[in-house]
Amino acid sequence: MKPGISPDYLIYGAGAIGSVLGGFLHKIGRSVTYVGRGEHFRSFSEKGLRITGIWGEHQVPVEEVQILSTHVPKKQFSIILLCVKSKDTQASVAQAKPLLKEGGIMVSMQNGLNNWEAIASSVGEDRTVGARVIFGAEILDPGHAKVTVNADDVLLGEPFLPVNRPLLEALQEDLSLSGIPCRIVSKDDIWAALWGKVLYNCSLNPLGALLGVAYGKLGKNAQTRGIIKVIIEEIFLVMRAKGIKVPYQDADEYYHYLLERQLPPTVDHRASMLQDILLGRQTEIDALNGAISQYARDYGVCTPYNDLLTALIKFKETKKAFSSIPDYY
């Protein structure tokens with residue numbers, strides 16, 4: 001850690017990813033406070049948090065779990081890790097903003113598009129950090145989060161303006177020291193990484209959710225590979241219209257990169273979108289394929305496959321009543 005820098009962390013959205021981030025930061029002795037809801041959050045608030053999976057096992061004893069209390073004056077934090085679903089970004093940022101110290105940073109550890117803009121519009125571009133998170137985690141049982149896969153390092157960057165650099169570097173060092181591989185990248189590279197993750201998520205998540213399979217099944221089947229290829233081609237049309245740059249020459253290059261490099265380490269991973277559908281929760285489709293479809297309409301581009309996937313997922317969302325199912329974020 002940087003001399004004199006001792007961040008206090010708020011995990012805003014203590015679902016699977018938030019639990020892992022907070023639990024690993026706790027492992028190296030950092031001050032971590034959680035905000036959450038649902039059965040998982042209640043369970044680890046009362047019994048402690050257990051993390052298992054590919055990065056080993058770690059326990060946060062219940063007496064060391066710090067929950068943001070509504071009964072005492074609200075503490076402020078130097079780093080807020082926003083780990084909520086994209087559908088909850090606007091409301092969560094509004095609630096979290098008063099908890100951010102002057103000079104502090106809010107970090108989007110989320111999937112999907114338009115989250116960074118929502119944070120910046122509330123707390124300021126000079127306090128907004130974008131992250132590309134591409135490890136997978138799921139809640140096995142309330143109070144128990146499992147790290148299932150890791151496709152690459154967590155990337156951190158300043159998508160708009162320079163932020164408090166010592167804090168950003170402290171975050172990178174803390175995550176790396178805890179066992180979560182992490183790097184800081186340039187402004188251009190963090191935007192490219194965001195769109196690279198969007199390509200990955202849009203290609204796999206809705207298909208996995210609709211068909212009820214892990215990522216690996218999608219890559220092994222000729223029919224689903226064909227659908228994936230067209231999804232990617234449509235997204236490249238949108239990126240070209242928006243002037244987005246990614247480290248792939250064209251859709252075909254990314255398609256082969258996905259199948260040959262990204263899928264093999266994540267063959268057994270179940271998309272969070274599938275988990276949301278199974279639990280009767282609203283998904284992040286509007287921040288993924290739905291956002292692609294909206295951009296396409298704005299630029300006069302045709303994206304029928306992304307449009308169809310969005311409509312089918314929205315139908316699946318209506319099949320269960322969300323209000324009766326706890327939301328883990």
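With one equal scatterer per alpha carbon and no solvent term, the Debye-computed log10 I(q)/I(0) for segment 251-306 at 0.25, 0.27 1/Å reads -1.00, -1.00. P(r) tail, segment 163-237: Cα-Cα pairs separated by more than 15 Å, 66% of all pairs. The slack in the chain from ILE5 to ARG183, taken as 0.36 nm per residue of separation less the alpha-carbon distance, amounts to 62.3 nm.
Computed from Cα positions, the angle between helix 38-47 and the longest principal axis of the chain comes to roughly 30 degrees.
Counting neighbouring Cβ atoms within 10 Å and putting the fewest first, the residues ASP250, ASP174 line up as ASP250, ASP174. Kirkwood radius, segment 1-107, all distinct C-alpha pairs, inverse of mean reciprocal distance: 14.3 Å. Per the Debye formula with a single identical scatterer at each Cα and no solvent contribution, what log10 I(q)/I(0) holds for segment 191-319 at q = 0.11, 0.16, 0.17, 0.18 Å⁻¹? Values returned for q = 0.11, 0.16, 0.17, 0.18 Å⁻¹ are -0.34, -0.74, -0.84, -0.95. Applying a threshold of 29 Å to the alpha-carbon distances of LYS220/LYS314; LYS87/LYS229; LYS87/LYS220; LYS229/LYS316; LYS220/LYS242; LYS85/LYS187 flags LYS87/LYS220; LYS220/LYS242 as lying beyond it.
By the Kirkwood approach, averaging reciprocal distances over each pair of separate Cα atoms, the chain gets a hydrodynamic radius of 20.1 Å.
Please report the equivalent ellipsoid semi-axes of segment 8-185, computed as sqrt(5 x eigenvalue) of the Cα gyration tensor, largest first, in whole Å. Provide the component values of the computation, followed by the final result.
Numbers: eigenvalues 106, 70, 45 Å².
Square roots of five times the eigenvalues give 23, 19, 15 Å.
Relative to the current alpha-carbon distance between THR52 and LYS245, full extension at 0.36 nm per residue lengthens the span by 65.8 nm. Working note: Karplus 6.51/-1.76/1.60 with θ = phi - 60° gives segment 82-95 the couplings 7, 10, 7, 5, 4, 4, 9, 4, 4, 5, 5, 5, 4, 6 Hz, where Gly and Pro are set to x. In this structure the amide hydrogen of ALA151, modeled in the peptide plane, comes within under 5 Å of the amide hydrogens of PHE135, GLY136, none closer than 5 places in sequence on its chain. Highest mobility in the GNM of the chain, judged by mean-square fluctuation with C-alpha springs under 10 Å and restricted to GLY18, GLY104, GLY124, is found for GLY124. Angle of helix 16-27 to the longest C-alpha principal axis of the chain, folded into 0 to 90 degrees and rounded to 10: 40°.
Gain in length, ALA222 to ARG261, computed as 0.36 nm per residue apart minus the alpha-carbon separation, to one decimal in nm?
Stretched fully, the ALA222-ARG261 segment lengthens by 12.3 nm.
Would you please name the GluC sites (Glu not before Pro) within segment 29-62 that are DSSP coil residues with at most 15 other C-beta atoms within 10 Å of their C-beta?
Values: sites: GLU39, GLU46, GLU57; in loops: GLU57.
Of the GluC sites (Glu not before Pro), the ones in loops of segment 29-62 whose Cβ has at most 15 other Cβ atoms within 10 Å are GLU57.
Only the coordinates and a few stated rules stand behind these numbers; no lab work does. As the structure is a prediction and not an experimental result, all values here were calculated from the model. Heads up, the Cβs are rebuilt from the backbone with ideal geometry, glycines too, and the neighbour counts pull from every protein chain shown.
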